[in-house]
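Report on one structure; see the data block that follows.
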Amino acid sequence: MSVWNLNTVAGSTDREVDPVSRIEGHLGVKVRVGSDGFIKDANAHGNLWRGFENFLLGRGANDAITFVQRICGVCPVPHGLTSTYAVDSVLGYSRSHITFSTLNEAVGSPYGIPPKALLIRNLVLSAEFLMSSITHFYHLAAPSYVQGPNMPPWTPYFAEAFYNPVLRSSFSADTVSATAGVVPVANTATMQIWDAVIISYVRALRIRRLTFEAGALFAGRMPMTSCFVGGGVTNDGTENLTQRCNKYEEIIQEVGKFIVNEYVPIALVLGFLYPGFDNDHNKTRSFFYTPGDPVGFGAGLGRFLVWGQFPELNDDLAIKGGVLELGAPAGVYNFTVANKGEVISKFLSGALSVPTNLTEDISNSRYVPYVDDAAVYATTASRPFAGAEATYPGDITRTKPARDDGYSYMKAPRWAGKPCEVGPMADMFVNGYFQDGVDLATSIPTSATVSGYDLYVKAGGLDLDIIAPTIVNGIVNSGKFLFGVDPVAYPFGADGMGLVAAIQTWVLGIQAGLSTMDRLRARALQSFVLVQRMIGKISKSDGSVTPLGTLSFGSSSWINQLKSYTGAGVNANDTVGSTWANKSIPTGIKKGWGAGQAPRGSLMHQITINNGKITAYQCIVPTTWNGSPKDVLGQNGAIEKACIGAPFATGATYTKTITGQGGASIPTVGGVEVARIAQSFDPCIACAIH
Amino acid sequence: MAITRRQFVTRLGALATAVGFSQVEVTKIADAFAGNSNAYGGTFGKPKVVWIHGAECTGCSTSLLGILEDASGKPFRYDSNATVAGIDTGTALGLAGVTNALGGAFPTLTGGLRADGALVNIADVVIDVIDLQYHETVMGPAGDLAAKWLQDFRDTYSTGSNDPFVLVIEGAMQDARQGGAWGNTGTTPWCSIGVFDDGSHEQDMPEVVADLAAMPECAAILPIGQCACYGGYPGCKPQISATTAKKGLGGFDPALSQTGAQGAYDFLSQYADADPLKAAFVADVNAAAAKVINVPGCPTNPWWFVLTTVMVMLKLAGTDLIELDAGRRVKRVYPGTVHGAFCPRYPSYTKGIYALKPGDPGCLQKIGCKGITASSLCGKHGWNNQQPENAGTLSGLNKNGVGGHCTVAGYPCMACTEKGYPDAFVPFVKR
């Protein structure tokens, strides 16, 4: 049984939300609810342990790349690539991302990763990013805000009161859809926003599939890739890649249009419908906000950590690394790492460095220190890798399972002693695309290679021509239905266009902050920025054109860079055209680590080898940060912290007959708030525990 | 967009043809569905499915989400004549002008099902083909709503005569009673599903599987992926000696897996309980092992799963054409080896051209390819709806193929469909 660690609160009640579904893996959150109905403390618990770090022992370094992809089938690519960075590092290659190692060759050495391989790695991983973010929004997170079709697996619903009225299936324009358990079938002039969202849900299934098909052009297959190897990629270095590049571009252009036309607009509008889950800056412009209501559920820690990702050919990072605690002075809680040089000068050594600041705590986890390291643990419970091996955190793997200790199989990584949030919201804050209380229109600017938020603006207003007609129709009709009947109270006009104008104002004025909605928006906007690095800057023709086909793509992108390497090259070391640099496996004990960004946040793999065989392997995974239990100081992990302050609607008892199950019924209480907050982190528990 | 029984039968027949059924057999399939057979309960003849996650990575579910098939069994491929939009809308198949799932004419993109049932994607499967009752990664409910559904299903569903359901298992069984390589590490489950709001009823995943499998209503058990079939990664062992293990990690036995993880057949057939009052239940669980039909892969290709599912559905409707191999896989779904005329690098093999390091052209046998060992349709029906261009011809070093297969990307086959994977097949890449 679990040993909980919840603060004492007078008059409180404990509640469990387990399983937190529509995530990867087995997660529960136990919350302590005060007499006022708000959550006072939380214990997030991961419920599955498999032991990856142990069964990697004794294997060839390169096989780790394939093994660790099985840590998680939803995000295998980042594990595979981060492991590849680690293997690059331990074998002595350079020019990969964050390959911290004394063996690391200088940039420009013969053992640099070939540019063609670097680009293929970026293109495979970025396809996975788009897949992950789109899947998360539509298929994992959205059903907590939008009732799905009225049939299993989307039923039973939470209590009606938990859904915005326009996002209930009973609100469909299509009465068949509402009652018979089928999805809407037409983009009719009368469709409601619910119909539009469900149609997008189905479309998004296709779009996420396309991202896999694009990635598989280079990876062989998805979700588990088959092309990464220490020193490059396995793809035939003599192959002419023109056809693959063209097909990749064609596929991702479809995906990019979906992101611009549908994904970003719906992700932006959702905050309008759920002001409680949005940040404090945005509340007053939502018609669903009642003055005095609490907002900002799920705000979390306000402290972010990013390793950075996507090395460019000039050694800049497309996603910068760094740490940011909102309001902190420059220093260990506020700095950025923009390129390879800064990776070496900041993350690798000195006061800001990873060896100095990264620890992993197990005081509330289901582990005990491994016996031979007892002396090391005795120095401080939060620094198990201290001592002789301090510069190589690879040795924190030395724990063993103790199932009746603590409350979670997750460990608790900390940066300079403090918990951090990782993930797209962290990426956006550290990269300056999100600034607390600043309009997105200001903080996401248009640059030479990437169009910013102003792509959505036309003549000072929101450009409806760039938004899918299903969504615009839905908003207009739902506006009429909801508010047209009372034009005095809601001055939108009987034609519903008033609501559109209100939403236009809302979208243009959105400010970044700390909330559940900010996490959802961060994924959408990160996808918007990233897809432009993949296939080119997105621009629109002019206001006279119709959507879905009006967007064009620029020529500065990874795919275009790769096209310049498509001639049949000689398969030699770091020569233009090759995909792999040959280097023999070093003898003796070597240590290295790789780090980068996954769609769920900052990921690090650490490896030690002896004559090429693994003697230690350690992963510090995004959800290990976000889902971490309390540490020895009692500091909550990011999900735990985000739940605190949110309501737990105990009054909403709900009974639902289970379809086809002989009339049995399930009396339930709430938990949807906790589910929404936890899901906004896109937790991956298989990753976090591995 | 619910489909009619006739459309459903047509589609099943087409899929069955694709795996090599004879016309006579396809007719049997049609007969089985032609009457008002209520073999599946539910609406539109959809079988109920309960999908349970154990020690897994959700990779097989993720893979299944990527399905896009022509129900006539023709593999799609991307080439200059078939645009992305064209494939999804049917124009590439010469099917333009047919009303699409959203009621419009092609080429409006919908992600939905064609009215005549030529295309199958995951939305069709979940909405039209099966009645997916429980699947933690896609279902709407969370928390108590989900946990109590599962608890109720365990406790009350079985009456001995209720509608049949299919149990799909993704991930290995890690029995809480097993300490694995570590010996006694406690009693808390290695993997639990759902705790009630009042803190009670932590459900041990393997116990959930045992309960569901033993129900007479459980018509078939489909473990999807290596872990659920044979233990897979959670069941593998470090490649180190006992001395090294005890020195380096506080003493674990490297001859055992970390948690004692098992595949479904082994778990069910070896299930035991010292309590004599549970003897009848144990016997039911042991007997349930016979319902297991494995669908291995790492991950499992959606095509293999759909083909196996179709054959199970036929069996439930009275037409049993399933023949299992030694690994309890359907033989027709895992027919020949990856090595052979359908491997895109086979022409190199016939010419004696071998890759000697990563990134080389040529046959991959010398850098670790296990294609000779692996039974799989990979070469014939590629991944992610892309087909190796070679297509069984020996017409030279054709490099125009664009994907769909590990060896296409230069990665040696790992034999991920075989029992014993991964330990029996490492190292994957020799360099």
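Here are some notes:
- For B:Val138, the conditions (1) at the interface with another protein chain (Cβ under 9 Å from one of its Cβ atoms); (2) over 23 Å from the mean Cα position of the chain (by Cα); (3) surrounded by fewer than 23 Cβ atoms within 10 Å (Cβ to Cβ) are fulfilled apart from (2).
Okay, residues lined up against (1) modelled with pLDDT under 90; (2) buried (at least 24 other Cβ atoms within 10 Å of the Cβ); (3) assigned to a helix (DSSP H, G or I):
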site	(1), (2), (3)
B:Pro388	yes, yes, no
B:Gly403	yes, yes, no
B:Val408	yes, yes, yes
B:Gly420	no, no, no
B:Pro427	no, no, no
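- Screening the candidates A:Thr579, A:Thr550 for the property of being in contact with a Pro (Cβ under 9 Å, 6 or more places away or on another chain) and either at pLDDT below 85 or within 12 Å of chain B (Cβ to nearest Cβ) (or both) yields one hit, A:Thr579.
- Taking the stretch B:368-380 as the range and being at pLDDT 90 or above and touching a helix residue (DSSP H, G or I) at 6+ places or on another chain (Cβ under 9 Å) as the test, the residues that pass are B:Gly368, B:Cys369, B:Lys370, B:Gly371, B:Ile372, B:Thr373, B:Ala374.
- Top-ranked residue in the stretch A:188-220 [being small (Gly, Ala, Ser), under 20 Å from A:Val166 (Cα atoms) and assigned to a helix (DSSP H, G or I); ranked as farthest from the other protein chains (Cβ to nearest Cβ)]: A:Ala196
- Residue within the stretch A:221-240 that is assigned to a helix (DSSP H, G or I), acidic (Asp, Glu) and either within 7 Å of chain B (Cβ to nearest Cβ) or surrounded by fewer than 24 Cβ atoms within 10 Å (Cβ to Cβ) (or both) present: no
- Residues that are out of contact with any Lys or Arg (no Cβ under 7 Å at 6 or more places or on another chain) and not in a helix (DSSP H, G or I) were ranked within the stretch A:60-71; the one that is nearest to the other protein chains (Cβ to nearest Cβ) is A:Arg70.
- Taking the criterion of being under 13 Å from A:Lys411 (Cα atoms) and modelled with pLDDT under 85, the residues of the stretch A:363-375 that qualify are A:Val368, A:Pro369.
- Taking the stretch A:72-187 and the helices (runs of 4 or more DSSP H) fully enclosed by it, the elements with 3 or more residues that are under 24 Å from the mean Cα position of the chain (by Cα), more than 10 Å from chain B (Cβ to nearest Cβ) and modelled with pLDDT of 80 or more are at A:76-91, A:115-135.
- Single unsatisfied condition, A:Leu217 versus (1) under 25 Å from A:Ala86 (Cβ atoms); (2) touching a Lys or Arg at 6+ places or on another chain (Cβ under 8 Å): (1)
- Filter result for the condition that a residue is within 14 Å of chain B (Cβ to nearest Cβ) and closer than 21 Å to A:Asp465 by Cα, over A:Phe258, A:Phe272: A:Phe258
- Filter result for B:Gly194 (at pLDDT below 95, surrounded by fewer than 21 Cβ atoms within 10 Å (Cβ to Cβ) and over 30 Å from B:Ser376 (Cβ atoms)): no
- If the condition is being at positive phi and more than 7 Å from chain B (Cβ to nearest Cβ), then the stretch A:1-24 contributes only A:Gly11.
- Subset of the stretch A:14-49 [closer than 22 Å to A:Val295 by Cβ, touching a Gly at 6+ places or on another chain (Cβ under 6 Å) and surrounded by 24 or more Cβ atoms within 10 Å (Cβ to Cβ)]: A:Val17
- Selection count where residues are touching a helix residue (DSSP H, G or I) at 6+ places or on another chain (Cβ under 9 Å) and buried (at least 21 other Cβ atoms within 10 Å of the Cβ), scope the stretch B:347-367: 7
- Among the residues making up the stretch A:227-244, those that are within 22 Å of A:Gly80 (Cα to Cα) and either in contact with a strand residue (DSSP E or B) (Cβ under 6 Å, 6 or more places away or on another chain) or touching a residue at least 60 places away in the same chain (Cβ under 8 Å) (or both) are A:Cys227, A:Phe228, A:Val229, A:Gly230, A:Gly231, A:Gly232, A:Val233, A:Thr234, A:Asn235, A:Asp236, A:Gly237.
Let's see how each residue does on (1) in a helix (DSSP H, G or I); (2) at the interface with chain A (Cβ under 8 Å from one of its Cβ atoms); (3) touching a strand residue (DSSP E or B) at 6+ places or on another chain (Cβ under 7 Å):
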site: B:Arg177; (1), (2), (3): no, no, no
site: B:Ala181; (1), (2), (3): yes, yes, no
site: B:Gly186; (1), (2), (3): no, yes, no
site: B:Pro189; (1), (2), (3): no, yes, yes
site: B:Val209; (1), (2), (3): yes, no, yes
site: B:Leu212; (1), (2), (3): yes, no, yes
site: B:Pro216; (1), (2), (3): no, no, no
site: B:Leu222; (1), (2), (3): no, no, yes
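- Close Cβ contacts (under 7 Å, 6 or more residues apart or on different chains) running from residues in the stretch B:348-364 that are of a type in the set (Lys, Arg) to residues that are outside any loop (DSSP other than H, G, I, E, B) and surrounded by 14 or more Cβ atoms within 10 Å (Cβ to Cβ) comprise B:Lys357/A:Trp580; B:Lys357/B:Ile367.
- The criterion of at least 1 residues that are without any contact (Cβ under 8 Å) to a residue 24 or more places away in the chain, buried (at least 21 other Cβ atoms within 10 Å of the Cβ) and not aliphatic (A, V, I, L, M) is met by none of the strands (runs of 3 or more DSSP E) wholly inside the stretch A:253-347.
- Note on the stretch B:152-175: residues that are under 22 Å from B:Ala228 (Cα atoms) and either more than 9 Å from every other protein chain (Cβ to nearest Cβ) or charged (D, E, K, R) (or both) amount to 10.
- Taking the criterion of being assigned to a strand (DSSP E or B) and either more than 13 Å from chain B (Cβ to nearest Cβ) or within 18 Å of the chain's Cα centre (by Cα) (or both), the residues of the stretch A:610-641 that qualify are A:Cys619, A:Ile620.
- Residues that are assigned to a helix (DSSP H, G or I), under 28 Å from B:Ala228 (Cα atoms), facing another protein chain (nearest Cβ under 7 Å) and out of contact with any strand residue (DSSP E or B) (no Cβ under 7 Å at 6 or more places or on another chain) do occur in the stretch A:35-58.
- Of all positions in the stretch B:266-282, none carries a residue that is buried (at least 23 other Cβ atoms within 10 Å of the Cβ), within 14 Å of chain A (Cβ to nearest Cβ) and part of a helix (DSSP H, G or I).
The values are calculated or read from the model by the stated rules, or taken from the named source; none is laboratory data. This structure is a prediction, so every number in the text was calculated from the model and none was measured. Every residue, glycine among them, receives a Cβ derived from its backbone with ideal geometry; neighbour counts consider all protein chains shown.
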